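Got a structure for you, questions after.
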Amino acid sequence: MFKWKSILLHLGLIAGLLLSIFPFYWLLVMATRTTSDIYSFPPKLWFGPHLLNNVSRVLSSIDFFGAFWNTLFVAAACTLLVLFFDSLAGFTFAKFQFPGKKWLFVLLLATMMAPAQLSLVPSFVIMAEFGWVGSYKALIIPGMVNAFGIFWIRQYAQESVPSELLDAGKIDGCGFFRLYWNISLPILRPALSFLAAFTFIGVWNDYLWPLIILNDESKFTLQVALSSLNGIYTTDYSMVIAGTLLAVIPLIVMFLFISKQFISDIAAGAIKS
């Protein structure tokens, strides 16, 4: 009986893995095909010879590398600021008492329930009043704190940061910021690793807000630049998919780069807990 359960478990895991990988495989296959191949039936399931041609047309149609560096700058800046401010606020909510703490946290959770699209118009009006329309400040500063990150760090810190350790730090003369920086941050590394990946991917893939706020083509982020590949009357989908593949590759490389560290941080956090 145990053997059959193990076999079924492994078959289920393999099926889940194949379902997860197939969209990326399909993206790669379609990037090597022509638009007519994409519409063909039965669909082409193997690679074609047109990848280099599709990629070269993407690079000649848009300033891909300029948009790439723009996106990398915005995503890195937002991620670093989110890690600092969200971890600081989450640590405070988890381990300190202050007036109105409960109601502030309820208000924080309430902001997570509202669709982000509802804030687009008031956010644009605020950015216009500040004179930030068309500037990276309008992308970075509103995104430097988010409710999910504070909630995530607060939940993790509540269970993982021992209050006795903080009390010992206070006895040794540590102030608030030193308790946060020297004692809590090393323990929060697994949560910060996840939050960094989550934030970076979210900013990298953001399309709507940069489309609204940026009006200078030289400052376009990658998703906005790629959207210009869509024609008014016809769209060369093979070129669009090739551009999408180029935009996805950095995220895959980043995941491969941090996955080992991310898993080791989770294991270390589990051992400490």
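The values are calculated or read from the model by the stated rules, or taken from the named source; none is laboratory data. Model, not experiment: these values are computed from the prediction. All Cβ positions, glycine included, derive from the backbone under ideal geometry; neighbour counts span all protein chains shown. Please note that ligands, DNA and RNA were not included when accessible areas were found on the heavy atoms of the full protein model with its side chains. Shrake-Rupley method; radii C 1.70, N 1.55, O 1.52, S 1.80 Å.
For the chain, find the longest principal axis of its Cα atoms and tell me its angle to the long axis of helix 64-95, 0 to 90°, nearest 10.
20 degrees
With a cut-off of 8 Å between alpha carbons and a minimum separation of six or more residues, what is the relative contact order of the chain in percent?
Across the chain, relative contact order equals 31 percent.
What is the distance in Å between the Cα centroid of segment 55-97 and that of segment 112-144?
Taking the Cα centre of segment 112-144 as reference, the centre of segment 55-97 is 15 Å away.
Carbon and sulfur: what percent of segment 148-264's accessible surface (1.4 Å probe)?
With neighbouring chains kept in place, the figure for segment 148-264 is 65 percent.
Can you classify segment 1-155 as rounded, prolate or oblate using the Cα gyration tensor, where a ≥ b ≥ c are the square roots of its eigenvalues, rounded means a/c under 1.5, and otherwise it's prolate if a/b beats b/c and oblate if not?
Here segment 1-155 falls in the oblate category.
Taking θ = phi - 60°, what integer Hz values does the Karplus form 6.51 cos²θ - 1.76 cosθ + 1.60 yield along segment 193-202, in sequence order, with x for Gly and Pro?
With the stated coefficients, segment 193-202 comes to 4, 5, 5, 5, 5, 4, 5, 4, 5, x Hz.
Tilt of helix 147-160 relative to the longest C-alpha principal axis of the chain, in degrees (0 to 90, nearest 10)?
Approximately 50 degrees, to the nearest 10.
If you put +1 on each Lys and Arg Cβ and -1 on each Asp and Glu Cβ, how big is the dipole of segment 1-159 around its Cα centre, in Debye rounded to 20?
480 debye
If you roll a 1.4 Å probe over the heavy atoms of the protein chains, what accessible area per residue do you get for segment 119-167, in Å²?
Per-residue accessible area for segment 119-167 comes out at 53 Å².
Dipole of the chain (Lys/Arg Cβ +1, Asp/Glu Cβ -1, origin at the Cα centre): which of 196, 76, 238 lies farthest to the positive side?
Highest projection toward the positive end goes to 196.
Given contacts defined as C-alpha pairs under 8 Å and at least six residues apart, what's the relative contact order of segment 1-154, whole-number percent?
Reported relative contact order: 26 percent.
What is the magnitude of the charge dipole of the chain about its Cα centre, with +1 placed on the Cβ of each Lys and Arg, -1 on the Cβ of each Asp and Glu, and no other charges, expressed in debye to the nearest 20?
Here the size comes out at about 680 debye.
By the gyration tensor of its Cα atoms, with a ≥ b ≥ c the square roots of the eigenvalues, what is the shape of segment 1-44: rounded for a/c under 1.5, prolate for a/b over b/c, or oblate? Numbers along the way, then the final one.
Working: a/c = 7.12, a/b = 3.52, b/c = 2.02.
It is prolate, given that a/c is not under 1.5 and a/b is the larger ratio.
Using the alpha-carbon atoms, what tilt in degrees (0 to 90, nearest 10) does helix 237-272 show relative to the longest principal axis of the chain?
30 degrees
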